[in-house]
1. Tally time: how many residues in segment 43-72 are part of a loop (DSSP other than H, G, I, E, B) and more than 18 Å from PRO14 (Cβ to Cβ)?
2. Search segment 36-76 for residues being within 12 Å of the ligand (Cβ to nearest atom) and β-branched (Val, Ile, Thr), and hand back the single one that is surrounded by the fewest Cβ atoms within 10 Å (Cβ to Cβ).
3. Mind checking which residues of segment 77-93 are away from the ligand (no atom under 15 Å from the Cβ) and of a type in the set (S, T, N, Q)?
4. Name every residue in segment 54-89 that is within 10 Å of the chain's Cα centre (by Cα) and either among the aliphatic types (A, V, I, L, M) or modelled with pLDDT under 95 (or both), in order of residue number.
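The values are calculated or read from the model by the stated rules, or taken from the named source; none is laboratory data. Remember, predicted model here, so these are calculated numbers, not experimental data. Positions of Cβ are generated from backbone atoms using ideal geometry, with glycine treated the same way; all protein chains shown enter the neighbour counts.
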Amino acid sequence: MSDWIPIADVSECPPGASIERLAGGRMVAIANVDGIFHAIDGLCPHQGGPLGTGALCGVVLTCPWHGWQFDVTTGRHRLSATMRQTVHEIRVENGRLFVRLAGDGPAAESPA
Ligand code: FES
């Protein structure tokens with residue numbers, strides 16, 4: 001259980017929305033697709049844009065900086081079969097979201 005990190009309240013991410021949060025030194029994009037939560041690495045591999053602040057349409061999250069798109073259920077880039085964001089486990093407990101970070105993503109710099 002200790003590797004599950006509390007990351008947000010469920011109420012912060014209603015259906016059809018995405019948010020970004022820092023967990024374990026990594027930026028995580030959380031998306032709510034029809035009540036099912038998904039979590040992927042939140043730094044866009046293009047130029048480090050904040051994926052979690054992008055627009056969510058269905059399962060597709062669009063980076064707000066230049067429009068790269070990712071499937072939040074798989075982490076896959078919509079146009080590149082080889083580009084993939086790390087997918088993290090996410091669960092709900094007592095109105096809170098918890099993530100268990102996968103091991104192969106980049107670390108985010110701490111805010112100054
Ligand atoms: S930084 Fe995300 S598309 Fe450019």
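1. Initial filter on segment 43-72 (part of a loop (DSSP other than H, G, I, E, B)): 44-49, 54, 58-59, 63-68, 72.
In the following step, the residues that additionally are more than 18 Å from PRO14 (Cβ to Cβ) were identified as 44-49, 63-68.
The total comes to 12.
2. THR53
3. Hits for segment 77-93 are THR82, THR86.
4. LEU61, VAL72, VAL87
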